[in-house]
Structures are given as structure tokens and as C-alpha cells.
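Read the figures in this text as sums done on the coordinates, not as results from a lab. What you see is a predicted model; the values in this text were computed from it and never measured. As a convention, Cβ positions derive from the backbone with ideal geometry for all residues, glycine included, and neighbour counts pool all protein chains shown.
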Amino acid sequence: MMTNPMAIRSALEDLRFQAEMLQRVSRTFALTIPQLPNPLSDVVGNAYLLCRIADTVEDEPALSVEQKQAFSERFVEVVAGRDEAVAFARDLGASLSASTPEAERDLAAATARIVRITHGLRPRQRRAIERCIGIMTRGMVEFQQQASPDGLRDVSQLDRYCYCVAGVVAEMLAELFCDYSAAIDEGREKLTAQSVSYGHGLQMTNILKDIWGDLRRGTCWLPRSVFNAAGFDLRSLSTGRAHPGFARGLTELVAITRHHLAEGLGFILMIPARETGIRRHLLWTLGLSVLALRRLHTTSSFRSGQEMELSRSSVRAVILLASVLARFDFALRLLFEAATHDLPPAAPLRS
């Protein structure tokens, strides 16, 4: 425990800086993370910003795959405290182009400050975060090496991609929740297993929303096997008029995503009802994904991510309903069924 007034002041300034950076790099998580109880909100906020730095490396178009791998491996060492954060931030900052948003460049430059917070966390919290960053960064590099506009091989490969970029994050959250609460920790094994679908549902929604933006960047994360079975070759995918087979394949992916989101709700309901802050944090994000999936399913002819943007009134409605019903499992299940009633029947993953 810190007793030095200067050290306490410095730590508080770092946390204020962290909160400001969260506001700049993510409107969604800047909204949901403060719903978590203290000090859990600071821990999750720190973990999110570390993930964002890892994403910045992955998203930088000026970096080769080899450079991304080198920076990713260095970042894993920095987070674990085995490499110098200041040197990493300096070298990464010099390699980022104007394509990277200013807020993300500023976050990368502040790596040492963010990691300083990480190194002040409890051992179990640090282990959870370090594991997540290790799996995420190595997974992203793996898929960067095979990224192409032709899509992924099949649903199994899509499943692995979603795990590396989102499922492992959900596992980390489950571990942080368990560290926070002895009552939650009692169901750790089942909670962790169930958490993966929560992450997959959110990531698959993002993949479906970002189809055309990804394609313009020369990448596609859709599984070829699903579209081949529907009579469509992903190699012919373009922003022009969609083929009926493409629409059929998209419908199957919506069904798989609905399944994951339903399992994700099950993950949330494993959190004790009295932990309304944790539930709100998870429910708001899940609810926004459900709305986005509904919009995508009814607007299958969309050709840009902007067409998928949710209205402010829709976002407010999700927040209000999820907040009011956060303690009531039966009501949340009814609400989910009502919101997903018009989506294709939930389906388990298949290859």
C-alpha cells in the first residue's frame, strides 16, 4: 500500500490520465467501463487501453507484418515488465503514420504511463491481463500473416480469430470479476467457459458490420465454407450488387452470431444480480450488438459501416432498459427473445 504522498498523487494523476484517454479512444467503453464498481473500473479501463495499443500496432498500414510481429512481441514484454516501455513507445510512435488517429498515437506515446498503472495492480489481475495481451497480440500477428480479400477457410478458423481478438478478452474480464468478488469466484470455471461466447458475439457483430470497410483495406474475415455452401464465391465479393448466395451466407452468420449473443447473455446472468454495475457494463455492450445485428439483418444491402450506425435514441433505449432490468434474469431473457425474435434461429457453430 502506498504511503508516500508524492507517489499517491502521481498514481491518482495517472488514473485521471487513463480516464481521459479512454474518453478519446472509445466512446462505447468510455460509457460502459465507468459502470463497473471501484476499483474494478480502473483495472478494466487499464486493460482496455493496453488492448487498444495492441490494436494500434495491428491496424497501422505502414507497418509490414514482420514489423508488427516485432512490435507485438516487444509489447508483451513491456506489459510483463521485462522490457523498457519508454523505448517501445518512442520506436512505435516513430513508425506510426497519419493513418493512425491522433488519439491512438497519443495513447501509444503514453505506453509507459499506462503500463505503470498495470504494474501497480494485484498479481492475479496482472496475470489475467498479461495472458490476454500475449494471446491477443500473437493471434493478431498470425492472422495478419494470412489476411486476404478471399476470406477465412471456414467457421472453425473464424472461431479461432474471434477467440484471439475478443474471446480471450472476455476470459480476462471473467478472471478480473472473480478477483473482485469471492461470490463470483466460486463459479470461476463455468463463468470463464461461458465468457468466450460473449466475446465471440460482439466480435462477429463487428466483423459483419465492417465487411465493406475491411474489403476496401484488402481483408475479409468471412468464412469461405459458409458462402461456398450457399453458392457464392467470396473471391467475387465487391461493393456492387450482392449475389443471392451472399445474402444466404450472411443470414447463416447472423444466426451463428445470435447464438453467441444468447450464450453471452447466459454469461452475464451468471454474475450475481446484486452486482448491477458489472451487469450494466456487460448488458449495455451486448444490447448495442443485438441492435446492430437486427439492423444488419434488415439492411443486408448496406455498403458502408456508416449505414449501420445506431441512432442516439436507440442507444439511450438500450441503456435505460438494461439499467432498469439489470437485476431481473427472467425479464432480461424475455427482452433478449423479443429483441432477437425476427433474427434467424440461433444456430451452433459448424465448420
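Here are the numbers for the structure shown:
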| quantity | calculated |
| --- | --- |
| Amide H partners (placed H, <5 Å) of Leu152, local residues excluded | Leu222, Arg224 |
| Computed over the chain: relative contact order in percent, which uses C-alpha pairs under 8 Å that are six or more apart | 17 percent |
| Net charge contributed by nearby residues that have their C-beta within less than 12 Å of Pro272 (K/R +1, D/E -1) | -1 |
| Sorted by Cβ density within 10 Å, fewest first, the residues Arg295, Arg74, Arg138, Arg316 | Arg316, Arg138, Arg295, Arg74 |
| Cα shape, segment 73-163, gyration tensor, a/c 1.5 rule | oblate |
| Global form of the chain, assessed from the alpha-carbon gyration tensor, a/c cut-off 1.5 | oblate |
| Alpha-carbon centroids, segment 60-96 and segment 258-272: separation in whole Å | 35 Å |
| Cβ-based exposure ranking for His200, His119, in which fewest neighbours within 10 Å come first | His119, His200 |
